[in-house]
Amino acid sequence: AVQMQISVSSPLLARVTPPANMKGRRTSRRLMSHSPSKVYDLLISGAGIPGASLALGAAAQGLNVALIDPRDGLVQTGDTRTTALLPESLQLLDRLGLWAKVQEAAQPLTAMVLRDDRDAKRARPEELRFDGTERAPLAYNLPNRALAAAQSEALEAVGTRIDAFWRRRVAAVHI
């Protein structure tokens with residue numbers, strides 16, 4: 001893990017300085033293309049679906065973002081998980097320009113049943129049902145790989161607003 005010195009001058013302004021032993025080494029595609037000390041408006045630890053979305057949204061608002069993740073990029077070939085996206089999440093993806101890129105891979109969810117069967121003494125578990133229609137689904141189920149690929153492409157297109165630090169962890173924060 002790489003320890004970064006972070007000194008905070010305001011709640012949303014951080015100066016991230018790579019340690020002396022990292023200077024001159026290639027630690028990410030863009031890390032060393034900047035000065036040794038760069039001011040970021042936002043530091044995000046974790047580039048999963050929420051972290052990458054937050055980074056893209058913040059960059060769209062004009063903020064400089066440091067995105068740190070222990071993985072080697074967003075797209076993980078072995079990830080077979082899916083995410084159910086509610087209408088508010090779809091609106092966010094649309095504003096970020098991602099929904100059009102992933103919509104074809106999404107499947108509408110038209111019904112959902114939640115069961116509480118923690119109490120074994122009940123003859124029937126409690127159920128909560130939600131129903132939608134093909135025209136107005138409750139949500140869309142989307143493979144994580146498809147969304148991560150679209151986010152990765154969008155991160156590359158943003159340019160210098162987002163610096164991705166792959167294969168790194170935030171080891172310490174010094175305030």
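What to note about this one:
- Residue list for the range 116-152, filter: of a type in the set (Ser, Thr, Tyr) and open to solvent by less than 50 Å² (accessible area, probe 1.4 Å): SER152
- Among the residues of the range 22-44, none qualifies, meaning not one is in a loop (DSSP other than H, G, I, E, B), at pLDDT 80 or above and closer than 22 Å to ARG145 by Cβ.
- Here LEU96 fulfils each of the conditions (1) aliphatic (A, V, I, L, M); (2) within 26 Å of TYR40 (Cβ to Cβ); (3) more than 13 Å from the chain's Cα centre (by Cα); (4) surrounded by 16 or more Cβ atoms within 10 Å (Cβ to Cβ) apart from (3).
- Residue within the range 108-115 that is in a loop (DSSP other than H, G, I, E, B), of a type in the set (D, E, K, R), farther than 28 Å from ALA58 by Cα and open to solvent by 50 Å² or more (accessible area, probe 1.4 Å) present: no
- Count of residues meeting criterion [loosely packed, with under 10 Cβ neighbours inside 10 Å and either touching a residue at least 60 places away in the same chain (Cβ under 8 Å) or in contact with an Asp or Glu (Cβ under 6 Å, 6 or more places away or on another chain) (or both)] in the range 153-166: 0
- Scanning the range 59-83 for residues that are part of a helix (DSSP H, G or I) and buried (at least 20 other Cβ atoms within 10 Å of the Cβ) yields a single hit, ALA59.
- Residue check for VAL170: under 26 Å from ALA58 (Cα atoms), in a loop (DSSP other than H, G, I, E, B) and either β-branched (Val, Ile, Thr) or in contact with a Leu (Cβ under 6 Å, 6 or more places away or on another chain) (or both): yes
The values are calculated or read from the model by the stated rules, or taken from the named source; none is laboratory data. Remember, predicted model here, so these are calculated numbers, not experimental data. All Cβ positions, glycine included, derive from the backbone under ideal geometry; neighbour counts span all protein chains shown. Surface areas here come from the heavy atoms of the whole protein model, side chains and all, with no ligands, DNA or RNA. Shrake-Rupley method; radii C 1.70, N 1.55, O 1.52, S 1.80 Å.
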